[in-house]
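One structure is given here, and the rest of the page talks about it.
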Amino acid sequence: MSDSTQRTKVALVTGITGQDGSYLTELLLSKGYEVWGIIRRSSSFNTDRIDHLYQDPHEPNVRLHLRYGDLSDASSLLKIFAEAQPTEVYNLAAQSHVKVSFDIPEYTADVTGVGVVRILEAIRQLNLNTRFYQASSSELYGKVTETPQSETTPFWPRSPYACAKALGFYMTRNYRESYGMFAVNGILFNHESPRRGETFVTRKISRAAARISLGMQETLYLGNLDARRDWGFAGDYVEAMWRMLQVDDPDDFVIATGETHTVREFCELCFQEVGLPIEWKGSEANEVGLGPDGQVMIRIDPKYFRPAEVDLLLGDPSKARRLLNWSPTVMLDELAKMMVHSDLDLSKHEAIERGIATA
Ligand code: NAP
Ligand code: G4F
């Protein structure tokens, strides 16, 4: 068994190319860790979010190592874990889109659910002395039975994604109880950033607000405007992940801001920021969001409704505050501004590249 106290801290991050993977890797490198990341083969480049961290493997003292692997392939995991000998493992990889999980339920169950079992087994079979973080989710609460939701609130998953995350949650807890593994669940509420995937609602809105204000898009099509989420900043949440692996006793923690807002409110914040305050007219699928000149900026497209919706999420992060000394530093207003301004910069850059605008 390797001795984690005698050597450099070595973190293995699955999902390193995702939003959280990129922020976490920045944090770990800044703390002196050696980081191993699992990337998957894709027909086009999928490393945009970590390209700024790339280190040439031919140079000496490289601290970021990337290996091809996949959560659906146990042999690849065993090989990479054996090579890296991590002292900390962060499992961030997942088919992470709730709506898409209704279209590909079996794949989602395999990667987002059984993938966790493959990792836990790799750690157990290789007898690694490592700490394990599982990216659990507030989606587990689904049709909520109490508000705010805490570590003791019962789960009621409402999507194939949430069902798969439930398997990952309980397997992580089970390996802790069965084998004495240091294995924890971070039950993270929604967290966003300029690096958020473009099909999640906040980024879809911030990007559209920027593009509509620049004349690069006419209309934003959305689904349920009344869904409520507890949205925080991804940079804050990866700090909480790291802290969960630094405590003496492994445990499960809710990470949230303690505030909830509707999709509608997030639209208002973003469009206000680009100088296009919204006036809402109509109701249900006929509701529209009008701009200052009466132009239709937002419409409803029922294709974005989900077969089963999670109406309200609001987290109680008091346990994390108490035991991890963690609290959020960015609340919704600032988050919306950060995302809109980043999307304005990106869209202006794109317009210049496409010859629509000049620098
Ligand atoms: P994300 O941006 O969608 O990133 C997902 C990562 O998983 C990407 O690196 C992706 O690779 C990788 N991946 C997908 N399928 C894989 C497979 N079969 N094998 C290996 N890697 C695979 O997600 P995120 O927002 O950073 O979230 C990180 C984790 O936290 C996820 O597990 C998510 O479910 C969970 N979570 C997120 C939130 C949130 O609000 N962001 C809240 C609670 C929990 P590619 O880049 O190649 O696609
Ligand atoms: O941004 P969303 O797709 O995020 P959702 O479903 O809450 O899931 C995210 O957060 C979870 C944590 O609670 C993570 F586990 C998960 O991996 C992911 O990161 O949708 C948020 C809300 C939903 O209620 C949805 O119905 O926004 C509503 N919505 C309305 N119009 C829309 C849209 N969502 C999307 N993606 N696209 C729309 O056009």
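Being more than 16 Å from ligand 1 (Cβ to nearest atom), surrounded by 18 or more Cβ atoms within 10 Å (Cβ to Cβ), charged (D, E, K, R) and touching a residue at least 60 places away in the same chain (Cβ under 8 Å) is true for just one of 287, 273. Which residue is that?
Details: 287 fails: surrounded by 18 or more Cβ atoms within 10 Å (Cβ to Cβ).
Every option except 273 fails the conditions.
Could you say whether any residue in the stretch 224-235 is away from ligand 1 (no atom under 16 Å from the Cβ), surrounded by fewer than 19 Cβ atoms within 10 Å (Cβ to Cβ) and more than 20 Å from residue 96 (Cβ to Cβ)?
yes
Restricting attention to the stretch 272-286, report how many residues are out of contact with any strand residue (DSSP E or B) (no Cβ under 7 Å at 6 or more places or on another chain) and more than 21 Å from residue 312 (Cβ to Cβ).
The total comes to 6.
Could you grab me the full set of residues in the stretch 224-268 that are among the aliphatic types (A, V, I, L, M) and under 16 Å from residue 200 (Cβ atoms)?
225, 227, 234, 263
For residues in the stretch 280-313 being near ligand 2 (Cβ under 10 Å from one of its atoms) and basic (Lys, Arg), which is nearest to residue 210 (Cα to Cα)?
Filtering first and then ranking leaves 303.
Please verify whether residue 153 is surrounded by 19 or more Cβ atoms within 10 Å (Cβ to Cβ), without any contact (Cβ under 8 Å) to a residue 40 or more places away in the chain and either of a type in the set (Val, Ile, Thr) or not in a loop (DSSP other than H, G, I, E, B) (or both), treating the condition exactly as stated.
Judged against the criteria, residue 153 is a match.
Would you confirm, using the coordinates I've provided, whether residue 214 is away from ligand 2 (no atom under 14 Å from the Cβ), under 30 Å from residue 301 (Cα atoms) and either in contact (Cβ under 8 Å) with a residue 24 or more places away in the chain or in contact with a helix residue (DSSP H, G or I) (Cβ under 7 Å, 6 or more places away or on another chain) (or both)?
yes
Could you list, in sequence order, the residues of the stretch 54-104 that are hydroxyl-bearing (Ser, Thr, Tyr), over 16 Å from residue 118 (Cα atoms) and within 16 Å of ligand 2 (Cβ to nearest atom)?
Those that are hydroxyl-bearing (Ser, Thr, Tyr), over 16 Å from residue 118 (Cα atoms) and within 16 Å of ligand 2 (Cβ to nearest atom): 96, 101.
Each reported figure results from applying straightforward, stated rules to the coordinates on display, with no laboratory input. The model shown is predicted, which means the values in this text are computed figures rather than measured ones. Using ideal geometry, Cβ is built from the backbone for each residue, glycine included, and neighbour counts are taken over all protein chains shown.
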